[in-house]
Amino acid sequence: MKNKAMESRLGEEIMQFIDARRSLQLASLDENGMPYASYAPFAVGEDCLFVLLSEIAIHAVNLLKNPAASVLIIEDEGPAEELFARVRVNYAVRAEHLDYGSNDWQLAMERLVERHGERPRKLGEHTDFKMFRLVPQSGRYVKGFGKAYTLVGNSLSGTAVDHLRDGHKRRSAA
């Protein structure tokens, strides 16, 4: 997609979609490279997402050992017009552990509290809770059949957006 106005509109649409969700699905890799899927409440940062995870949880252990992960933020099933084409955005991310009390940790905590109330602050008082910044490496936004976009760059809305024009192919009759 070459049209900057269209890219800007899609970027705004993506951010509105993300802002309307409160949790994300997270796929991390264990020490053997096996995927592990989970979820976490999140907050939005400057071109990143923040999650607060207990190191008792498998996904936190995985991210501390291997920062490569995938995030999926998806439309709820109930209001979805089409179950097979739910609106969603997914990212390949690099997880960064934020040191407790650092400026980045404080910013992440404030964003979580703004979004979810005081619960994250209470959890953050426990030493086993770790703060992570999830930085997009690439992504994809899907808003229906034939409406899929590759998000280029380290940004939640993409520094550039490319419409995937190779549609679904019919099988030939046997």
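Tabulated results
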{"item": "Scope the stretch 120-138; condition part of a strand (DSSP E or B) and open to solvent by 10 Å² or more (accessible area, probe 1.4 Å); matching residues", "result": "PHE129, LYS130, ARG133, VAL135, GLN137, SER138"}
{"item": "Criterion violated by ASP99 - all others in (1) in contact with a strand residue (DSSP E or B) (Cβ under 7 Å, 6 or more places away or on another chain); (2) open to solvent by 70 Å² or more (accessible area, probe 1.4 Å) satisfied", "result": "(1)"}
{"item": "Check on SER157, in a loop (DSSP other than H, G, I, E, B) and surrounded by 15 or more Cβ atoms within 10 Å (Cβ to Cβ)", "result": "yes"}
{"item": "Within the stretch 139-152, tally of residues that are surrounded by 15 or more Cβ atoms within 10 Å (Cβ to Cβ) and not charged (D, E, K, R)", "result": "7"}
{"item": "Residue match in the stretch 114-127 (condition: at pLDDT 95 or above, closer than 17 Å to MET15 by Cβ and touching a strand residue (DSSP E or B) at 6+ places or on another chain (Cβ under 9 Å))", "result": "yes"}
{"item": "Any strands (runs of 3 or more DSSP E) falling wholly within the stretch 30-74 and containing at least 3 residues that are touching a residue at least 24 places away in the same chain (Cβ under 8 Å) and surrounded by 14 or more Cβ atoms within 10 Å (Cβ to Cβ)", "result": "43-45, 48-54, 68-74"}
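The values are calculated or read from the model by the stated rules, or taken from the named source; none is laboratory data. Because the structure is predicted, anything quoted here is derived from the model rather than measured. Don't worry about glycine lacking a Cβ; one is built from the backbone with ideal geometry, like all the others, and counts go over all protein chains shown. Surface accessibility is based on the protein's heavy atoms, side chains included, excluding ligands, DNA and RNA. Shrake-Rupley method; radii C 1.70, N 1.55, O 1.52, S 1.80 Å.
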